[in-house]
Amino acid sequence: GSVVASYPYDDSPTHRLTGVYSKSADDEVFKYLAKAYASHHPIMRTGKPNCSGEEGETFPDGITNGAQWYDVEGGMQDYNYVWANCFEITLELSCCKYPPTSELPKEWENNRESLLAFIEKV
């Protein structure tokens, strides 16, 4: 897990594991939507999720192009964009894939304003 808003493409023509910016035709729209979410999230907007084992990982403005972060061949985000013309971003909301129940109220507080801002933009 991490704390970042990721946008298409997740796959790249070279299929290198990481570091390839795979720009879509609607790249500016995707960045706009990702920033709308990230800019309202208290951790995401810092670009420094500080996840255990990945302390040096950073994301400018709390967003990333999927393939630049890591290449995912055949992902749902790309499939929906290419074949259904759906604009989809992926939200990584926690360093922990399965946060304990006691953490859920804090996670809601961290994400409430981001979700509302994102819905307004959409």
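Selection over segment 18-45 of residues that are farther than 15 Å from Asn111 by Cβ, surrounded by 14 or more Cβ atoms within 10 Å (Cβ to Cβ) and polar (S, T, N, Q) gives a count of 2. It is to be established whether one or more residues within segment 31-44 are in a strand (DSSP E or B) and within 16 Å of the chain's Cα centre (by Cα). No: zero hits. Kindly check whether there is at least one residue in segment 60-68 that is closer than 19 Å to Ile119 by Cβ and either without any contact (Cβ under 8 Å) to a residue 40 or more places away in the chain or among the polar types (S, T, N, Q) (or both). Checked against the condition, which is being closer than 19 Å to Ile119 by Cβ and either without any contact (Cβ under 8 Å) to a residue 40 or more places away in the chain or among the polar types (S, T, N, Q) (or both), segment 60-68 yields no hits at all.
Would a scan of segment 74-83 turn up a residue that is within 13 Å of the chain's Cα centre (by Cα) and open to solvent by 30 Å² or more (accessible area, probe 1.4 Å)? So far as segment 74-83 goes, no, none of its residues is within 13 Å of the chain's Cα centre (by Cα) and open to solvent by 30 Å² or more (accessible area, probe 1.4 Å).
Here is a list: Ser52, Ser22. Which entry is more than 20 Å from Val122 (Cβ to Cβ), of a type in the set (Gly, Ala, Ser), in contact with a helix residue (DSSP H, G or I) (Cβ under 8 Å, 6 or more places away or on another chain) and not in a helix (DSSP H, G or I)? Let's see the steps before the verdict.
Numbers: Ser52 fails: in contact with a helix residue (DSSP H, G or I) (Cβ under 8 Å, 6 or more places away or on another chain).
That would be Ser22, the only listed residue that is more than 20 Å from Val122 (Cβ to Cβ), of a type in the set (Gly, Ala, Ser), in contact with a helix residue (DSSP H, G or I) (Cβ under 8 Å, 6 or more places away or on another chain) and not in a helix (DSSP H, G or I).
For segment 99-106, check the following and say yes or no: at least one residue is loosely packed, with under 12 Cβ neighbours inside 10 Å and aliphatic (A, V, I, L, M). Yes, the conditions are met somewhere in segment 99-106.
The values are calculated or read from the model by the stated rules, or taken from the named source; none is laboratory data. Note that the structure is predicted; figures quoted are calculated from it, not measured. Positions of Cβ are backbone-derived with ideal geometry, glycine not excepted, and every protein chain shown enters the neighbour counts. Note: accessible area is taken over every heavy atom of the protein model, side chains too, but ligands, DNA and RNA are not part of it. Shrake-Rupley method; radii C 1.70, N 1.55, O 1.52, S 1.80 Å.
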